[in-house]
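First the structure, in the form of structure tokens, and then the observations on it.
The values are calculated or read from the model by the stated rules, or taken from the named source; none is laboratory data. Treat the numbers as computed from the prediction; the structure is a model and nothing was measured. Cβ sites come from the backbone with ideal geometry, for glycine too, and all protein chains shown count toward neighbours.
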Amino acid sequence: MRIVLVRGDITEQRVDAVVNAANSSLLGGGGVDGAIHRRGGPEILAECRALRASQYGGGLPTGQAVATTAGRLPARWVIHTVGPVHSGSEDRSHLLASCYRESLRVAGDLGARTVAFPAISTGIYGWPLDDGARIALRTVRAAPATLVEEVSFVLFDSTAYAHFERALGDLGEIVDTP
Ligand code: AR6
């Protein structure tokens with residue numbers, strides 16, 4: 001599986017599946033979540049509401065992932081996952097790793113070959129970018145094989161990009177920018 005770093009907006013990615021840094025309600029929010037619902041249109045929210053009315057009545061638990069249509073986005077699916085809020089007193093790294101692992105598993109089950117991730121939890125949820133990048137890259141690199149051939153990390157600004165570049169270098173991989 002190829003890992004690529006992209007500087008840009010996740011809603012513009014032409015991939016099979018884009019991952020949304022959602023919250024448990026699945027009903028939208030700010031950051032990536034807000035952008036995805038705004039640009040993807042009401043079909044995404046309609047499917048999220050249906051999920052809340054069926055198997056996720058209590059909301060989507062932190063660390064899990066579920067797919068909907070991508071509506072008007074140039075992708076086929078949105079995979080919603082709920083990152084942990086960063087805590088100074090409790091180690092929630094396993095939950096952040098789970099977001100990446102579960103999203104990839106869902107992507108593989110859908111038959112997605114290309115998947116774009118944002119830097120989950122590193123915005124409103126306050127996770128430090130250096131640690132968030134390290135967990136993201138290590139987890140994706142170590143994930144069980146699926147049909148997914150390419151994972152892109154879509155970084156919104158140069159600071160986030162630099163953190164991912166460094167973390168990828170620490171894994172001993174060449175940075176591959178399309
Ligand atoms: N494309 C790529 N990256 C982005 C974009 C974009 N369009 N917009 C922001 N980022 P966040 P979280 C970066 O806050 O921390 C929502 O309200 C951003 O700079 O979107 O997991 C949800 O509903 C940061 O590095 O997600 C939840 O309540 C990263 O994406 C909560 O925020 C993630 O920032 C989730 O917070």
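Collect the residues in segment 15-28 that are within 14 Å of the ligand (Cβ to nearest atom) and under 15 Å from the mean Cα position of the chain (by Cα), keeping them in residue-number order.
V15, V18, V19, N20, A21, A22, N23, S24, L26, G28
From the residues in segment 45-76 that are within 13 Å of the ligand (Cβ to nearest atom) and in a helix (DSSP H, G or I), which one is surrounded by the fewest Cβ atoms within 10 Å (Cβ to Cβ)?
Filtering first and then ranking leaves L45.
Return a yes/no flag: does segment 39-48 have any residue that is under 14 Å from the mean Cα position of the chain (by Cα) and modelled with pLDDT of 95 or more.
No, segment 39-48 has no match at all.
Of the residues L147, L129, L110, only one is out of contact with any His (no Cβ under 7 Å at 6 or more places or on another chain) and farther than 17 Å from T81 by Cβ; which?
The conditions single out L147.
Could you tell me whether segment 83-99 includes any residue that is surrounded by 15 or more Cβ atoms within 10 Å (Cβ to Cβ), without any contact (Cβ under 8 Å) to a residue 40 or more places away in the chain and touching a Cys at 6+ places or on another chain (Cβ under 8 Å)?
no
When you look at T11, is it part of a strand (DSSP E or B), among the hydroxyl-bearing types (S, T, Y) and buried (at least 16 other Cβ atoms within 10 Å of the Cβ), yes or no?
no
Tell me whether segment 33-42 contains one or more residues that are assigned to a helix (DSSP H, G or I) and away from the ligand (no atom under 15 Å from the Cβ).
Scanning segment 33-42, I find at least one residue that is assigned to a helix (DSSP H, G or I) and away from the ligand (no atom under 15 Å from the Cβ), so the answer is yes.
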